[in-house]
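First comes the structure, then the notes that go with it.
The values are calculated or read from the model by the stated rules, or taken from the named source; none is laboratory data. This one's a predicted model, so the numbers in the text were calculated from it and none came from an experiment. Backbone-built Cβ (ideal geometry, glycine too); neighbour counts: all protein chains shown. Accessible surface areas use protein heavy atoms only, side chains included; no ligands, DNA or RNA. Shrake-Rupley method; radii C 1.70, N 1.55, O 1.52, S 1.80 Å.
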Amino acid sequence: MTIQDIARPGTVRRTPAQSLRGLCGGAVYLPGDPGVDEARTPWNVAVEQHPAAVAYPADAEETAQLVKGAVAAGLRVAPQNTGHNAGPLGRLDDVVLVRTSAMTHVGIDPVRQVARVGGGALWLPVVEAAAAQGFAVLHGSSPDVGVAGYSLGGGIFVYARKLGLQTNASPEWNW
Ligand SMILES: Cc1cc2nc3c(=O)[nH]c(=O)nc-3n(C[C@H](O)[C@H](O)[C@H](O)COP(=O)(O)OP(=O)(O)OC[C@H]3O[C@@H](n4cnc5c(N)ncnc54)[C@H](O)[C@@H]3O)c2cc1C
């Protein structure tokens with residue numbers, strides 16, 4: 001506890017993020033909580049993150065409840081899966097870091113040739129699931145990069161010259 005945490009003797013000041021406790025099945029970490037250092041540390045450990053809270057929703061419903069709770073508390077939200085690209089998020093003092101790493105489902109539709117994955121899926125299980133059905137996906141060089149972050153950020157690898165960027169992948173695209 002620091003001096004700023006004390007409103008008056010014997011009273012700990014409530015922070016806006018404390019209203020989020022109990023969401024995500026209790027997987028919400030506030031500054032000072034046991035486990036918060038592990039929760040707030042991205043893959044890129046060169047980046048120090050000090051968010052208002054870190055939360056691990058298990059599914060879309062928990063994510064929606066968390067976002068609503070953050071907005072009601074006057075906080076912003078930032079999704080983060082692995083934290084490979086943590087630097088650009090910048091200061092996180094009034095931000096709830098929404099760690100997507102619990103949402104890892106992977107589904108391959110061989111007829112439509114579409115992979116449908118959770119917000120926290122990494123590339124390796126998607127590559128393996130697609131390969132098991134005779135397909136390749138436009139993954140990058142690292143098996144532990146997140147599909148969502150990679151796809152939103154472009155996604156360029158050895159397939160790019162022939163097949164294009166992952167960000168452009170579309171079931172309607174006639175390769
Ligand atoms: C070892 C290594 C190898 C790499 N190889 C390649 C490569 O071959 N080709 C290439 O193009 N890039 C490569 N990259 C770069 C990598 O693709 C980007 O850093 C990518 O943004 C990482 O995505 P992430 O989800 O793992 O990281 P994160 O840092 O978790 O997320 C990256 C960004 O996406 C946002 N984001 C993540 N998940 C979601 C979501 N569900 N909804 C909305 N926004 C979301 C985050 O807010 C953040 O801005 C590599 C990076 C590393 C560290």
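The 3J(HN,Hα) values that the Karplus relation (6.51, -1.76, 1.60; θ = phi - 60°) gives for segment 101-111 are, in residue order, 5, 8, 9, 10, 5, 9, x, 10, 9, x, 6 Hz. Gly and Pro appear as x.
Over segment 99-143, what is the relative contact order in percent, taking alpha-carbon pairs closer than 8 angstrom and at least six residues apart? All intermediate terms of the calculation are to be shown ahead of the outcome.
Working: 55 pairs, mean separation 14.6, N = 45.
About 33 percent, as a whole number.
3J(HN,Hα) along segment 17-33, derived from phi through the Karplus expression 6.51 cos²θ - 1.76 cosθ + 1.60 where θ = phi - 60°, amounts to 5, 5, 5, 8, 4, x, 6, 6, x, x, 7, 10, 10, 10, x, x, 5 Hz, with x in place of Gly and Pro. In the chain, taking the dipole from charged Cβ atoms about the Cα centre, the farthest positive-side position among Ala72, Val147, Trp43 is held by Ala72.
Go ahead and run the numbers for FRET between Ser141 and Ser19, Cβ-Cβ distance against an R0 of 41 Å, rounding to 0.05. Don't skip to the answer; put the middle values down first.
Working: r = 41 Å, r/R0 = 1.00.
After rounding, the FRET efficiency stands at 0.50.
Extension gain, His50-Lys68: 0.36 nm per intervening residue step, less the Cα-Cα distance, totals 4.4 nm. Close amide H pairs (under 5 Å, H built 1.01 Å from N) link Gln80 with Val98, Arg99, Thr100, residues at least 5 positions away or on another chain. Between the Cα long axis of helix 60-72 and the first principal axis of the chain there is an angle of about 40°, rounded to the nearest 10. When the alpha carbon gyration tensor of segment 58-120 is reduced to an equivalent ellipsoid, its three semi-axes come out at 27, 15, 8 angstrom, largest first.
Shown in residue order for segment 122-134 are the 3J(HN,Hα) couplings computed by the Karplus curve 6.51 cos²θ - 1.76 cosθ + 1.60 at θ = phi - 60°: 9, 5, 4, x, 6, 4, 5, 5, 5, 4, 4, 10, x Hz (x for Gly and Pro).
Within the chain, the longest run free of GluC sites (Glu not before Pro) that sit in a DSSP loop with at most 12 other Cβ atoms within 10 Å is 49-171.
Would you mind calculating the gained length between Trp43 and Ala131 on full extension (0.36 nm times residue separation, minus the Cα-Cα distance), in nm to one decimal? Present the calculation step by step, with values, prior to reporting the outcome.
Numbers: separation 88, 0.36 × 88 = 31.68 nm, distance 2.67 nm.
Result: 29.0 nm gained on full extension.
Computed about its Cα centre, the charge dipole of segment 20-175 is approximately 380 debye, with only Lys, Arg, Asp and Glu carrying charge at their Cβ.
Within 13 Å, Cβ to Cβ, of Ala136, how many net charges do the neighbouring residues add up to if Lys/Arg are +1 and Asp/Glu are -1?
Values: positive: Lys162; negative: Glu128.
Once positives and negatives cancel, what remains is 0.
Of the whole protein surface, Asp93 contributes about 90 Å² of accessible area at a 1.4 Å probe radius.
Whole-percent P(r), the chain, all Cα pairs, 10 Å bins from 0: 9, 33, 29, 18, 7, 3, 1.
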